[in-house]
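This report concerns only the one structure given below.
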Amino acid sequence: MKQPLVEAMERYLQEQVYPLHTPGHKGGRGMAEPLRSLLGPAALRMDVSLMSELDDIHAPSGCIKAAQEEAARLYGSDACFMAVNGTTGAIHAMLMTALRPGDKVLIPRNAHRSVMGGLILADATPVYVQPAFIKEIGLQGQVTPEQVEEAFAQHSDLKAVLLTSPNYFGMAADVKKIAEIAHAHDAALLVDEAHGPHLGFHKSFPPSAMQCGADMAAQSTHKILGALTQSSLLQVKGTRIDLQHAADVMSLITTTSPNYLLMGSLDAARAQLAERGTSMMEDALRAARLLRSELEKMQGLKVIGPEDIVGKYGIASMDITKVAINLRDWSISGVKAAEALRRDKIAVELVDPQNVLFLVTYADWAPVQWQETVTRICRSLRKLAPANNPLEARSAWKVREEELKNSEKAEALQMEIPVTETAASLRTVFYGKKKTLPLTEAAGCICAEAISFYPPGIPVILPGERVTEEIIHWCAVMKKQGLPVSGPADVTLRTVRVLDE
Ligand SMILES: Cc1ncc(COP(=O)(O)O)c(C=O)c1O
């Protein structure tokens, strides 16, 4: 399988040219120990610089162009760009390409922080939609086609729709239907496909954004496939997006010294997928199914599967290689369970108060070793099962949950996040002067930070929205329940940063 960029790097190294150029460590000669030994001479020699033989990411005409074209062919896009600042960079580029300053874009309220960054850079106006909250497992579902229709009914001037699909937990939206709705309104569909660079390579996975008709998709090749951390791809398809403008934006936000190890790893990961994508995905599915079936044997442990969520909460299909367990019935928090697993030398992808997420890929599948790993995971978890774990040793989560249940008002408040009003653009807030105030005195001010509680994990307020008495009260009730806060500089929420108008 052709790897145009990797092959050009190899050819360059074989020539053994003396480097009177960057990088300053000169093929590892000057790299400090112990990193020098840790990386090894081969990796350090591969850390090559911009050479005419190695093309130019800002005006590709040689091996980078060929590598990007191979990737576009594989994913069925019209153009593909290597993104060496991860999917964060690719998302910034999607928003900056598809939108002009002031343009409206539909955004799920729980979008990744890179989306907020992209909105600031693009000076775009978000129209937020709340994905459904799945009460039983404390997770959010997906944006529904109906919500998208409704948003267009209220904002006929929406220029784009952004989806996060699949989400971290493998839940995919009805991307095809939403693409049709967006296009019927002459708007572009941008997909944060950070968790889906492997979609489209096996029928058991949800279809990919490109297959569903999206105009752009940002994919974390490094999260699920064989690329090095930080290496992502941006796919563009169709006539709604100006390809030259996309190239200009990518060039604007990309370093003039892109790391060839990162770019080479994207070329290699693409070649691997092109050569044996289906069998890689079969390996991933085998590994995930084995882990799921062993976890499912543990009484009271909920292994979140398609039967729980697909066809509901806006979820059209699920990638089962995201293996999430819900520990609610074990009265232990996801955080505590992950700590226990880590003590047993197992590190997981993500935790929240109720759930632990195991990320499984094709690389896990080696029948004997994987079976051993699965056994270790189950042995470690079994120690946390209620029978082996007296109530007093368990987390306060269940107790808090009981309290929450007992307080009708608190529960009502938890489910109904207060309605917010946007008073300033994200960009105005970002560049504006800020001050810190006690939260209890902030009513009427424009908030300068995002505040979320877990669950539900959906921000109760975002930068640019006005703080109200209702929001302050909601925060106080959530705080009293002891739910973890994320977003603000002061996570105790005694104070909040607001715009100093
Ligand atoms: C949904 C989502 N989008 C975007 C990103 C950003 O990706 P990257 O880390 O490649 O910049 C992440 C990272 O976790 C993510 O979960």
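The numbered conditions (1) outside the structural domain of A132 (by TED's automatic domain parsing); (2) within 29 Å of the chain's Cα centre (by Cα); (3) of a type outside the set (S, T, N, Q) are all true for D56 except (1). Whether any residue in segment 125-148 is among the hydrophobic types (A, V, I, L, M, F, W, C), within 12 Å of the ligand (Cβ to nearest atom) and in contact with a Leu (Cβ under 8 Å, 6 or more places away or on another chain) is what I want to check. There is no residue in segment 125-148 that is among the hydrophobic types (A, V, I, L, M, F, W, C), within 12 Å of the ligand (Cβ to nearest atom) and in contact with a Leu (Cβ under 8 Å, 6 or more places away or on another chain).
In segment 167-182, the count of residues that are out of contact with any Leu (no Cβ under 9 Å at 6 or more places or on another chain), in contact (Cβ under 8 Å) with a residue 60 or more places away in the chain, under 30 Å from D364 (Cα atoms) and more than 16 Å from the ligand (Cβ to nearest atom) is one or more. Set side by side, the residues L190, L228, L163 differ, and just one is free of Cβ contacts under 8 Å to residues at least 60 places away in the same chain, assigned to a strand (DSSP E or B) and within 16 Å of the ligand (Cβ to nearest atom), which is L163. Screening E10 against (1) closer than 24 Å to Q219 by Cα; (2) out of contact with any helix residue (DSSP H, G or I) (no Cβ under 8 Å at 6 or more places or on another chain); (3) without any contact (Cβ under 8 Å) to a residue 40 or more places away in the chain; (4) of a type outside the set (G, A, S) leaves a single unmet condition, (1). Among the listed residues R270, R286, R292, R276, identify the single one that is touching a Leu at 6+ places or on another chain (Cβ under 8 Å) and not in a loop (DSSP other than H, G, I, E, B). Answer to the selection: R270. Among the candidates A93, A111, the residue that is assigned by TED's automatic domain parsing to the domain that holds S220, at negative phi, among the hydrophobic types (A, V, I, L, M, F, W, C) and assigned to a loop (DSSP other than H, G, I, E, B) is uniquely A111. Listed by first and then second residue, the pairs linking a residue in segment 343-368 that is under 13 Å from R286 (Cβ atoms) and outside the structural domain of K223 (by TED's automatic domain parsing) to a residue that is modelled with pLDDT of 95 or more and in a loop (DSSP other than H, G, I, E, B), with Cβ atoms under 7 Å apart and 6 or more places separating them unless they lie on different chains, are V360/T321; T361/T321. All conditions but one from (1) assigned to a helix (DSSP H, G or I); (2) closer than 30 Å to S61 by Cβ apply to G117; the one that does not is (2). Figure legend. Inter-residue proximity from segment 76-91: first residues more than 20 Å from V6 (Cβ to Cβ), second residues acidic (D, E) and within 7 Å of the ligand (Cβ to nearest atom), beta-carbon distance below 6 Å, spacing 6+ or different chains. Indicated pairs: I91/D192.
Which one of P23, P60, P4 is surrounded by fewer than 22 Cβ atoms within 10 Å (Cβ to Cβ), over 30 Å from Q147 (Cα atoms) and touching a Cys at 6+ places or on another chain (Cβ under 8 Å)?
P4
Name the residues in segment 214-242 that are surrounded by fewer than 24 Cβ atoms within 10 Å (Cβ to Cβ) and touching a strand residue (DSSP E or B) at 6+ places or on another chain (Cβ under 7 Å), would you?
H222, R240, I241
The values are calculated or read from the model by the stated rules, or taken from the named source; none is laboratory data. Since we're looking at a predicted model, the values are computed, not measured. Cβ atoms come from the backbone with ideal geometry, glycine included; neighbour counts cover every protein chain shown.
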